[in-house]
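Read the figures in this text as sums done on the coordinates, not as results from a lab. Since we're looking at a predicted model, the values are computed, not measured. In this analysis, Cβ positions are derived from the backbone assuming ideal geometry, glycine residues included, and neighbour counts consider all displayed protein chains.
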Amino acid sequence: MYARNALALCLASASFAANAQVPTFQTVQVTATREAEAVDAVPASISVISADQMRAYGAHDLRDALALVAGVEITPGGDGGPAGSVPALWGLREFDAFLLVVDGVPAGGAFNPQLTTLSLVDVERIEVMRGSAPVMYGATSFVGVIHVIHYAAGKAPARAGVAVSSHGGGRVQFSANLGGAQSLALEAERVGSSDNDSSFLRGRLLYRAIADVAGGQARFDFDASRTRQSPGSPLPTVNAAFDPLVAAGGNFNPANAKLDEDRYQAIARYTHATALGEWNSTLSLTRTDGDFVRGFLSGDYATATGNNAEGFEQQRRMDDVYVDSHLELHPSPTLDVSLGFDWLYGRARYDNRLFDYRVELDGSGRPPSGPQDTADEPSGADWRSFQGAYLQADWHPRDRLDVLAGLRLNHTIEGIKGDDPEGGPPPAWAQQAHTRLSGSLGASWRAWGDGKAGVSLYGDLRNPFKPAALDFGPEAEARILEPERARSAELGVKGQHFGGRLDWDLSMFSMDFDNLVVAQDVNGEPGLANAGHEHFKGFEVEAGWQLAPDLRLSGQYANHDARFGDYVALEEGSQEQFRGRHLALSPRNTGGLGLSYAPARGWQGSLLVNRVGGRYLDKGNHNLLPGYAVIDASLGFRFARCELRVSGHNLGDRRDPVAESELGEGQYYRLPGRLLELGLDCGRSGQPHPGA
């Protein structure tokens, strides 16, 4: 309620703003509005991380890139394999609660964010918007949008880099313009691990082109990636500590374990000026083929005299279609309107083979999956269609006031075929359809400002919903969970001072959530279930200070209170009410501090410290884990065109439990161990642009 009252006060006070011309902050975003707009004018908490900032810290993955964004906690690895990650925003760590967008297109389509294929090569900036995007992206997210934006065709930096890293890793990267309005980016990398037989190989090609066609502008992207992962294993715990009977660095997968994915995406865009306004259309087609072999210790791993692990093979094929067409209207000098529709369609087919096997608790004796007796061969298919018509208005009646409001009509349909969850003969069918409104209302008021200094107040209300996630687990049941729903409010203040050298953003939020998807025992197997009602609240602050032309100090802190409402579930063999309990692995406090020194020539360096506070290992809040800090650092020398740098990640080699497995019952992944890298990077900077 406090956030709603404060938002009303913000809207009322804005009417007294002075009507003088007010310069806006230079940083622009496109995530909230689809059109370039200054961050201070948007009624939402948004962070923009530039390519130069990522380069200053030697960032090569999403965790490193977003380490100084308030409230964002990204854990590499998880059930998606060592190439994936499990982001948490607003205190909620759910693999589909946030939306990953790449160049304006949801990555992963109507299913789950496709993080394993994400690369930062040729990335011009990353925008992070806290909270949902219920108008422009519809039934896709609750706690945040991570928008990765590449350099426009023909504007890419000409760069090349090579590196070697510990545990047998290395990478080669290249990006260049091909003449005219075309660009190409290539990457091949291998990342090893201190854990046994855990690593990944990834290759990627991104081609972008732009041309004038029929009085408009046409753009074309082709993105191809191939990922080959050797997954590690989550570990079981006893009394908030990893079981000492199980080797800490052991791998308990079958000997031929793999998570192999081939992904091909083609995107066509067309922009044309009309009598009504600018017409923009996007068509994206994606095909993903997966070949997986996985295994996890069973619940009786310590006492079983025979098989003590459960494995499955899976062949998966996914097809995604994304269509968006909208008009950008400007009916008056103070009003901008986006009117359009979009369609997000996904179709998946998966064939499983289940088997049991035995592996020693030190990780030895891992058998291949092939010779093992087949226990079952379930298969399933799922299709999802998310359609929506939307209207968003950006009204700025005064130079200091901006009101952003939007409404969307969603129609979602999901159908699934698989085994009968009630035990009947396969195949069984299930289908759900929902038609619902979602929307947002927010305002931003420039309280005062002159030149590159100023303070803006903002607030917003949002009301998203989303069909529940599909975990692609071994059971392949024809079961559809209830859709997730949320209502959130946010209030904040952001500013710049000292000629723009100091910038900061302080926000607080409150969100009521229904039908959260959590990991839970389902008919004796690890699976997903709805978790009743939850409440999230907290505040976040981040700041950056340019102490000198080449020296920048940045910091962030977040306080999150994530608790269950009415939720009863099985815990340690008995039914338990979790009302008022903290969500598992959701820390109350997180923070980070970073210092980077990056002159045009000479010595370079960075130091980054991220602190994660105490959090409960289990939903029952019986086991409290201590907090920990992760330290990253780099040191290099920049010549006229090249830079030589040595980087260290997780220098303290912390191996704390950070993510619960959805597939291994009561098992948790550890923070990846220490990684050292020596790299040489040559080239020039790209040309920034405000659009995707």
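I'd like the distance between the alpha-carbon centres of segment 217-281 and segment 35-64, rounded to an integer number of Å.
First find each Cα centre; the distance between them is then 21 Å.
May I ask which residue of Ala486, Phe513, Leu553 lies farthest towards the positive end of the charge dipole of segment 455-594, with charges of +1 (Lys, Arg) and -1 (Asp, Glu) on Cβ and the Cα centre as origin?
Leu553
Taking amide H positions as placed in the peptide plane 1.01 Å from N, state which residues far from Ala447 in sequence (5 or more) or on other chains have amide H under 5 Å from it.
Val455, Ser456, Leu457
I'd like to know which of Gly454, Leu297, Pro87 lies farthest towards the positive end of the charge dipole of the chain, counting +1 on Cβ of Lys and Arg and -1 on Cβ of Asp and Glu.
Checked the options; the winner is Gly454.
Tell me, in nm to one decimal, what length is gained between Arg226 and Ala600 on full extension, where the rule is 0.36 nm per residue of separation less the Cα-Cα distance?
131.1 nm
Give the span of the chain's Cα atoms along each principal axis, as three whole-Å numbers ordered largest to smallest.
79, 57, 52
If the reach is capped at under 20 angstrom between alpha carbons, list the lysines near Lys494, excluding any in the same chain fewer than eight residues apart.
Those lysines meeting the cut-off are Lys452, Lys537.
I need the phi-derived Karplus couplings for segment 230-241: 6.51 cos²θ - 1.76 cosθ + 1.60, θ = phi - 60°, integer Hz, Gly and Pro marked x.
Working through the residues one at a time gives 9, x, x, 10, x, 10, x, 10, 9, 6, 6, 9 Hz.
Determine the principal axes of the Cα atoms in segment 153-217, then give the extent along each, sorted from largest to smallest and rounded to whole angstroms.
Answer, in whole Å and largest first: 57, 19, 10 Å.
Can you spot the lysines whose alpha carbon is less than 26 Å from Lys417's alpha carbon? Ignore those fewer than 8 places along the same chain.
Lys258, Lys466
So what is the relative contact order of the chain, in percent, for Cα pairs below 8 Å that sit 6 or more residues apart?
14 percent
Please list the non-local residues whose amide H lies under 5 Å from the amide H of Ser45, H modeled 1.01 Å from N, same-chain partners needing a gap of 5 or more.
Under 5 Å from the amide H of Ser45 lie the amide H atoms of Arg130, each far enough along the sequence or on another chain.
If you line up the long axis of helix 2-14 against the longest principal axis of the chain, both from Cα atoms, how many degrees apart are they, to the nearest 10?
So the inclination is approximately 20 degrees.
Report, by chain and number, residues whose modeled amide H sits under 5 Å from the one on Arg615, excluding near sequence neighbours (fewer than 5 apart, same chain).
Leu625
For every other residue with a beta carbon closer than 14 angstrom to the beta carbon of Ser132, add +1 if it is Lys or Arg and -1 if Asp or Glu, then tell me the sum.
Local charge sum for Ser132: 0.
So what are the ³J(HN,Hα) numbers for segment 140-156, from phi and the Karplus equation (6.51, -1.76, 1.60; θ = phi - 60°), rounded to whole Hz, Gly and Pro as x?
With the stated coefficients, segment 140-156 comes to 9, 7, 10, 10, x, 10, 10, 10, 9, 10, 8, 4, 5, 4, x, 10, 5 Hz.
Once you sort the root eigenvalues of the Cα gyration tensor of segment 350-436 as a ≥ b ≥ c, which label holds: rounded (a/c under 1.5), prolate (a/b larger than b/c) or oblate (the other case)?
oblate
Taking square-rooted eigenvalues a ≥ b ≥ c of the alpha carbon gyration tensor, is segment 78-173 rounded, prolate or oblate, where a/c under 1.5 means rounded and, failing that, a/b exceeding b/c means prolate?
Taking the square roots of the gyration eigenvalues as a ≥ b ≥ c, segment 78-173 is oblate.
What's the magnitude of the charge dipole for the chain around its Cα centre, counting Lys and Arg as +1 and Asp and Glu as -1 at the beta-carbon? Answer in Debye, nearest 20.
Dipole of the chain, to the nearest 20 debye: 2320 debye.
In whole Hz, with x marking every Gly and Pro, tabulate ³J(HN,Hα) for segment 405-414 from phi via Karplus 6.51 cos²θ - 1.76 cosθ + 1.60, θ = phi - 60°.
Result, rounded to whole Hz: 9, x, 9, 9, 9, 9, 10, 10, 9, 9.
In nm, what is the difference between 0.36 nm times the number of residues separating Ala629 and Leu593 and their Cα-Cα distance?
Fully extending the segment from Ala629 to Leu593 adds 11.9 nm.
With the dipole of segment 201-241 worked out from charges on the C-beta (+1 for Lys and Arg, -1 for Asp and Glu) around the Cα centre, which of Ala240, Val213, Ala224 lies farthest toward the positive end?
Going by the charge dipole, the pick is Ala240.
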